[in-house]
1. With respect to Ala586, determine if the residue is assigned to a strand (DSSP E or B) and either in contact (Cβ under 8 Å) with a residue 24 or more places away in the chain or not aromatic (Phe, Trp, Tyr) (or both).
2. Exactly one of these conditions fails for Ile643: (1) at pLDDT below 95; (2) in contact with a Gly (Cβ under 7 Å, 6 or more places away or on another chain); (3) of a type in the set (Val, Ile, Thr). Give me its number.
3. With the condition kept exactly as written, say whether any residue in segment 181-197 is under 30 Å from Val389 (Cα atoms), charged (D, E, K, R) and part of a helix (DSSP H, G or I).
4. Just need a number here: residues in segment 626-682 that are open to solvent by 10 Å² or more (accessible area, probe 1.4 Å) and part of a loop (DSSP other than H, G, I, E, B).
5. How many residues does segment 614-625 hold that are β-branched (Val, Ile, Thr) and in a loop (DSSP other than H, G, I, E, B)?
6. Of all residues in segment 249-258, which are exposed (fewer than 14 other Cβ atoms within 10 Å of the Cβ) and either in a loop (DSSP other than H, G, I, E, B) or touching a helix residue (DSSP H, G or I) at 6+ places or on another chain (Cβ under 9 Å) (or both)?
7. Within segment 565-593, can you find the residues that are crowded, with 18+ Cβ neighbours inside 10 Å and more than 18 Å from Val785 (Cβ to Cβ)?
8. Tell me which of these Glu233 doesn't satisfy, since it passes every other one: (1) more than 30 Å from Pro143 (Cβ to Cβ); (2) at pLDDT below 85.
Amino acid sequence: MLIHSLRLPVLSLYPEEEVTWFADVMLPVPIPNLFTYRVPREFGLLIKVGARVIVQFGKSRVLTALVARLHHKPPEKYVAKYLLDLLDEHPLVNPPQLDLFQWIADYYMCCAGEVMQAALPSGLKISSLSKIQPNPDFDSAIPLTDKETRLMEAVRTNQSLTYDEAARVLGQPNVYQLLKTLVGKRAILLFEEVKEKYRPKVVKKVRLTAEYRGRQRLSDLFLELEKKPKQTEVLLHYLQKVPLLRDPHLNADGLEKNVLTADERSASSLSTLLKNRVFEEFEIVVSRFADLPPAENSFPRLTEAQRRASDQVMEFFATRDTVLLHGITGSGKTEIYIDLIQKVLDGGSQVLYLLPEIAVTTQIVARLKKIFGNRMGVYHSKFSDNERVEVWKGIVAGEYAFVIGVRSAVFLPFDNLGLIIVDEEHETSYKQHDPAPRYHARDVAMVIAQRQQAKVLLGSATPSVESYYHAQAGRYGMVKLTQRFGQATLPDIVLVDTRQERKQQRMKNAFSTVLLDHLSHNLEKKEQSILFQNRRGYSPYLNCEECDWVAKCNQCAVSLTYHLQGSELRCHYCGFKQSVPRACPACGSTKIRAVGYGTEKIEDELKLHLPGAHVQRMDLDTTRKKNAYEQLIHEFENGHTDILVGTQMISKGLDFDKVSLVGIFDADRIINFPDFRSHERAFQMITQVSGRAGRRAIPGKVIIQTANPQQMVLQRVLANDYESLYQTEIADRESFHYPPFFRLIRLTVKHESKTTGHQAAVRLAEKLGERLGQNRVLGPEFPLVERIRNQYLEEIMIKLERNINLKAVKHYIRQQLDDLQADKSLKGTSVVVDVDCV
């Protein structure tokens, strides 16, 4: 609801003077500066830093802005417009958050408005709807066509119409030309209707009116309704649910209306009772989240190793701000988190628990809700706008002292954090790629902790090389857990040589007999299996056997992925879709085959190889709906699914009792990716997905299919030897100038013309090399995919020593980018800046 007048007692510094206030506001648009507006007199005593306001920006844009500063100095370069409205009695964004937004903008080389756009849930931003209304000054003598007359009659009848409503009145999809004509004839006016998106959840309830709350009056009422059985039934149903004769106070809370309207007849009867003032209707605002009190005795009992680890973390917190908890998969890190969370909450501080993906939150949230009940909030993108706003407002109101969420949760309005937990801290999902701000949630969490004097706990079975380096150097404390929880042991790992299998003709399509035999054996034992392939879709591409044609995206330099569901070809970069051709578009042959394996094809073939198995798939395609994760995980937990096929989302933190087998379908594709982190990530991913097996008393086994079992990464996975991997990686990083010894900034130059884009990239690299040194500036080079959405890409990589003046370097880069944008010969060039790229 927009606020037009508020009577809020706020002390003024100048109570008897006419003071003109100006507000510097943060706008959700990519502009480098704050924009100044004049504060209307009626808001002078009400407006505060962090409040949301509505402003007009440009000729017609109406936007939600955040007040960043209040002062008395008008802008020098332009005349300040008035704020249109004030949205908040009490600010929903606190000053430390505004400072954080600016820090993120400065560090990650974007605009504060882009940070604001990413930080605020959509429900906290107003929406504007274009509408049509009649012009009171219209000259009725001006002739109108039949369509114009029909539309004008509808506009006058309804007082206003949206564009879509106008289209329905005329029975045509495009009405813009006709509206333009009517505006020219001064027959209509176009305006923007501004609304807040957030709507609280309202429940309609009923209760007996005051007249019928006494025992005698109720008896009289039953006599009055003696010949009206349906109304009597509604009344009896109410009294059964609300025994007000036993406790009259219960009537005040009433009963939800839908409880009494199970069918049309009872709805009609209730309506009559409301009309006759037997019942009265009222509304209450309720939370969208289920009211769940903590369960008794729900806190886990720590083992001796877990208690020792928890105590060590607390000891390190006395001298360190950050601690790395390096515990093998299944060692019970979550129990330690719960113990530490409770300690911090008992101390009166707030806790933020970050997880890398929504899929991971499903299981952990259910578990933590039993322990912390309504003190805990959940925040992620699968929630509706209204649900996210309720969590945001709940933190401001003090309802949620503990929140679990994905990377965007770092933007929440905490003001008294005591602990931030970053679980699976090595995960690349913590890094935002597009759009800006391209922040890393783990690193932002550390900045927040530093500003609020909080502590950070990083948890992982396979820490990032950077975090392990800082722990080894003594900047972080480090605590290790080397044993699995309870009676569980690490799974046995078997490397299957697919080359040898093919030579011996033992492969069934891309499945080794070893893998299929173990899957079949697991089915017989009624144990569950997980099969990992980090590629969704049915096949990476379609290929003509006659002319070698491959289906490619017309906007990107990639092949189209074949999806069996929907029978279509899709680009995973731009979203382009087309139906599967019946014949080759090039030569007309019908010999078109699907090449390679995605999760969809593996699921399909498993049903052929193991017809008795119930196979399900967890990837982006099957988890688009809000509760899809919960449903898949619930079915797997309850034993309704025998084999779960999935992408990397099944490798992160999921905990299943009956999983005794994990198959990794194609390890080589993970290992041989052209990136300096490929071996680190391959070790992490394979170790993590392997860790889903044998987490309870049932021993686990992992089958890894590879064409080269002797690869060093696989040998280290076999030995669970993270330390050797780290030593090799850290030596290579130091030799070749990579993190943690150097910082990386990647500049991606984009243009529709390959030639112009190349010219811009070369010029930018030369200019940067002149000041920074050619040894620090690499490229430009074309990336693996050199065209996306009809834009050609070239990348420049900047490597900077840790002791270099980063602020000065960024300022110089910004200057060169501004010069590039000003060059008319390079018009249309854009540059994406990614600081600390991963």
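1. In short, no.
2. Result: Ile643 passes all but (2).
3. There is no residue in segment 181-197 that is under 30 Å from Val389 (Cα atoms), charged (D, E, K, R) and part of a helix (DSSP H, G or I).
4. Summing the residues that are open to solvent by 10 Å² or more (accessible area, probe 1.4 Å) and part of a loop (DSSP other than H, G, I, E, B) in segment 626-682 gives 19.
5. Number satisfying all stated conditions: 2.
6. His249
7. Cys584, Ile592
8. With respect to (1) more than 30 Å from Pro143 (Cβ to Cβ); (2) at pLDDT below 85, Glu233 is out only on (2).
The values are calculated or read from the model by the stated rules, or taken from the named source; none is laboratory data. Fair warning: this is a prediction, and the values are worked out from it, not measured in the lab. For neighbour counting, all protein chains shown are included, and Cβ atoms are generated from backbone atoms with ideal geometry for every residue, glycine included. For the accessible areas, the whole protein counts, side chains as well, though only heavy atoms, and no ligand, DNA or RNA atoms are used. Shrake-Rupley method; radii C 1.70, N 1.55, O 1.52, S 1.80 Å.
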